[in-house]
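S.K.: One structure, pasted below without further comment.
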Amino acid sequence: MKTSWRAASLVATAASVLALTTACGQDNATTPASAAQNVGATAAAGDYNSGATPGTGTGTVAGNGYGADGNQSSSSPSPATPAGKLTVAANPDLGKVLTDGSGLTLYRFDKDTANPPKSNCAGDCATTWPPVPADDATAGAGIDKALLGEVTRADGSKQLTIAGWPAYRYVKDVNSGDVNGQGVGGKWYALAPNGKKASLSSLPGLSVRKDPKLGEVVVDRNGMTVYRFLKDKAWPKSVSNCTGACLEKWPAVAPVKSDDTKGVQKKGLMGFTRPDGTKQMTVNCWPIYTFSGDKAPGDTNGQGVGGTWYAVSPDGKPVGAPGK
C-alpha cells in the first residue's frame, strides 16, 4: 500500500500517584495504561475452574495465550483474504467498529506496538488471528486514509496497520458484524476507526458500576468487571499468586494514574512490580484482574469461581466472599 500512516505524536505525561499508605510496598508512581501491557499468567489446577463459566461446567482454555484452541496446530495460515474497502459498522455494545470489505470485524493485539508498528502474532497465533493484507486496503466513509499504513512481517508479507496498530481478523467470526474476538485473553479488541480499542463509553481507567446482584463493583476502562484472588496478599506488600496459565484466564490489570479513576478508594490505589518485571494495578493494595470468561461489559462470570475469585468493591474488598 502506498498510503502511509500518520503517527499521532506522543505526549509524555509524568504523573505520580500520591501514596496515602506505604505499608503495602507499592511503587510510588504508576505507569500509564498505554505504556504497560496486561500480563498474561497461573495458579494451581482448580484455582480458576479451567475457564468454565460458573453453572455450566464447560469452558475452553486458551492454551497458547493468543485465544487459539488448545489443539491448534502450528501449520501456516491459509492465504489471506484481501482487505478491500474498509467500512465503519455500528455495534450496540462497542460503538463504531472497523470492518473489512466483507463486513468482518478487524482487531488489534495488546502485545503488538504501534510506534513503531510491530506484530508479535505469528505461528498458531496468526492461524487464529489472520493478519489483514495491506495491498488493496482502501479507506471508506468515516475513515481517515492517512491512518492506513503497513508493516512488514517476519515472512516478508505486508500487514495493514491502523494508526500504527497491525490489523487482524478472527477465525471464529463467520458473519458480517460478528465480534467474537472482543476481549479474548484480555489482549484482543475490536478496532475503532481511529485505531483505538472500540468502546461505547469513555470510562476512566477504573470506575464503579452498580451491579443488580452484587452492588457496587469496580470496572476497568472497557467496563469489564474487576476481580480479586483470595490467594494474593496485600500486606506488608502486594503479592500476586496468579501466574502462568492462571494469568491467561485472569489478565492482570495494568496500572492507571490515580486521577484516571472515579469512585474508587484512593488509599492503596497504586501499581506494583510483578516478579517478571511487569506492572499490575491494585485497589487498597490488593492486585486486581479481569476475567477472560467475561465477554461484555457488565458480565460477572468470574464471581465465585473456584471459591477464590470475587468482584472488587470500591474499597478493595472481595464482594460476596465468605467471611470477608
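The values are calculated or read from the model by the stated rules, or taken from the named source; none is laboratory data. Given the structure is predicted, the values throughout are model-derived calculations rather than measurements. Methodologically, a virtual Cβ is constructed for each residue, glycine included, from the backbone with ideal geometry; neighbour enumeration extends over all protein chains shown. Calculation scope for accessible area: heavy atoms of the full protein, side chains included, ligands and nucleic acids excluded. Shrake-Rupley method; radii C 1.70, N 1.55, O 1.52, S 1.80 Å.
S.K.: Among the residues of segment 272-288, are any at positive phi, open to solvent by 10 Å² or more (accessible area, probe 1.4 Å) and small (Gly, Ala, Ser)? Write out each step before concluding.
M.R.: Looking only at segment 272-288, we keep the residues that are at positive phi, and these are 277, 284-285.
From what is left, the residues that are open to solvent by 10 Å² or more (accessible area, probe 1.4 Å) are 277, 284.
Next, from what is left, pick out any that are small (Gly, Ala, Ser): 277.
For segment 272-288, residues at positive phi, open to solvent by 10 Å² or more (accessible area, probe 1.4 Å) and small (Gly, Ala, Ser): present.
Condition check ((1) open to solvent by 50 Å² or more (accessible area, probe 1.4 Å); (2) farther than 26 Å from Pro297 by Cα; (3) assigned to a loop (DSSP other than H, G, I, E, B)) across all residues:
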| site | (1), (2), (3) |
| --- | --- |
| Cys125 | no, no, no |
| Asp136 | yes, yes, yes |
| Gly149 | no, yes, no |
| Asp155 | yes, yes, yes |
| Gln159 | no, yes, no |
| Val171 | yes, no, yes |
| Ser176 | yes, no, yes |
| Asn180 | yes, no, yes |
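S.K.: Can you work out which of the residues in segment 78-89 that are modelled with pLDDT of 80 or more and open to solvent by less than 100 Å² (accessible area, probe 1.4 Å) is nearest to Gln182 (Cα to Cα)? Lay out the reasoning, then the answer.
M.R.: Initially, segment 78-89 is screened for residues modelled with pLDDT of 80 or more, giving 81-89.
Still in the list and also open to solvent by less than 100 Å² (accessible area, probe 1.4 Å): 81-84, 86-89.
Working: Thr81: 21, Pro82: 22, Ala83: 19, Gly84: 22, Leu86: 19, Thr87: 18, Val88: 16, Ala89: 15 Å.
Looking at residues that are modelled with pLDDT of 80 or more and open to solvent by less than 100 Å² (accessible area, probe 1.4 Å), I get Ala89.
S.K.: Filter segment 92-107 for residues that are assigned to a strand (DSSP E or B) and either open to solvent by 20 Å² or more (accessible area, probe 1.4 Å) or in contact with a Ser or Thr (Cβ under 9 Å, 6 or more places away or on another chain) (or both) and give the result. Please lay out each step first, then the result.
M.R.: Taking segment 92-107 as the starting set, the residues that turn out to be assigned to a strand (DSSP E or B) are 95-99, 105, 107.
Those that are assigned to a strand (DSSP E or B) and either open to solvent by 20 Å² or more (accessible area, probe 1.4 Å) or in contact with a Ser or Thr (Cβ under 9 Å, 6 or more places away or on another chain) (or both): Gly95, Lys96, Val97, Leu98, Thr99, Thr105.
S.K.: Which residue pairs have Cβ atoms closer than 7 Å, lie 6 or more positions apart in sequence or on different chains, and pair a first residue in segment 182-206 that is more than 27 Å from Glu216 (Cα to Cα) with a second residue that is open to solvent by 20 Å² or more (accessible area, probe 1.4 Å) and modelled with pLDDT under 90?
M.R.: Ala192/Lys96; Pro193/Lys96; Pro193/Gly142
S.K.: For segment 211-229, state whether one or more residues are within 17 Å of Thr308 (Cβ to Cβ), touching a residue at least 24 places away in the same chain (Cβ under 8 Å) and touching a helix residue (DSSP H, G or I) at 6+ places or on another chain (Cβ under 9 Å).
M.R.: Looking through segment 211-229, at least one residue is within 17 Å of Thr308 (Cβ to Cβ), touching a residue at least 24 places away in the same chain (Cβ under 8 Å) and touching a helix residue (DSSP H, G or I) at 6+ places or on another chain (Cβ under 9 Å).
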